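Participant: The structure's right below; bear with me while I get my questions together.
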Amino acid sequence: MQTSNVNVAINVTGRHVSVTAAIRDYAYKKVEGLHLDYPKIIEAKVILDVENHHRHIAEIVLFCANHITIEATSVTEDMYASIDETISKIARRMRKYKTRLLKSHRPRNQKIKALEEQVFSADLAAGETEEVEPLIVHKENYPIRPMFNDEAIMEMELSERSFIVFQNAANDKLSIIFRRRDGDYGIIEPSTD
């Protein structure tokens with residue numbers, strides 16, 4: 001388990017404010033202090049802004065593994081409080097992603113299926129082959145939910161499925177996103193032609 005994000009590239013910038021060394025160090029320590037093992041942080045951007053001398057805005061953007069980007073913004077009257085509030089929002093969102101991942105990988109109550117014992121004659125084994133009709137061996141109820149393509153890809157990354165069937169929210173068509181052998185994704189949509 002990862003106890004801290006090691007060697008995270010953290011970029012602290014200021015808009016309409018000069019970032020002091022104390023605020024920069026505080027932001028570094030807060031981002032490095034995110035002790036969660038999923039998603040792994042690759043790069044972090046902290047953007048500090050001051051509007052009208054009393055609105056202190058802290059925005060944090062985390063670029064994580066598995067193409068996950070987490071953003072949060074807070075506005076208070078103190079820059080340190082804005083950073084703290086934004087970090088707590090980021091930590092909640094990271095826990096949300098981890099919980100989603102754990103829910104999809106939990107083992108379900110699976111029962112062992114008993115197969116009927118069958119005895120084949122020696123004549124059949126000698127070379128006589130009969131045509132076997134294909135059977136449906138697995139049936140599953142599959143909920144079809146409306147979502148966008150990027151949501152379907154995120155759900156597929158968090159699960160072990162090789163495809164996802166969903167109602168495309170962009171064009172209201174039934175769509176299938178599948179994982180290709182090269183690691184990219186493909187989409188199948190019905191044509192009206």
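Participant: Would you be able to say whether some residue in segment 11-33 is within 30 Å of MET156 (Cβ to Cβ) and loosely packed, with under 15 Cβ neighbours inside 10 Å?
Facilitator: No, that holds for no residue.
Participant: Any idea which of ASP25, ASP37 is modelled with pLDDT of 85 or more and acidic (Asp, Glu)?
Facilitator: Just one listed residue meets the conditions, ASP25.
Participant: In the list ASP182, ASP123, ASP172, ASP193, which residue meets the criterion of being more than 18 Å from the chain's Cα centre (by Cα), exposed (fewer than 10 other Cβ atoms within 10 Å of the Cβ) and at pLDDT 85 or above?
Facilitator: ASP172
Participant: Right, something else. Scanning segment 136-169 for residues that are among the β-branched types (Val, Ile, Thr) and under 21 Å from ILE68 (Cβ atoms), which turns out surrounded by the fewest Cβ atoms within 10 Å (Cβ to Cβ)?
Facilitator: ILE153
The values are calculated or read from the model by the stated rules, or taken from the named source; none is laboratory data. Small disclaimer: the values here were computed from a predicted structure and weren't measured. Cβ sites come from the backbone with ideal geometry, for glycine too, and all protein chains shown count toward neighbours.
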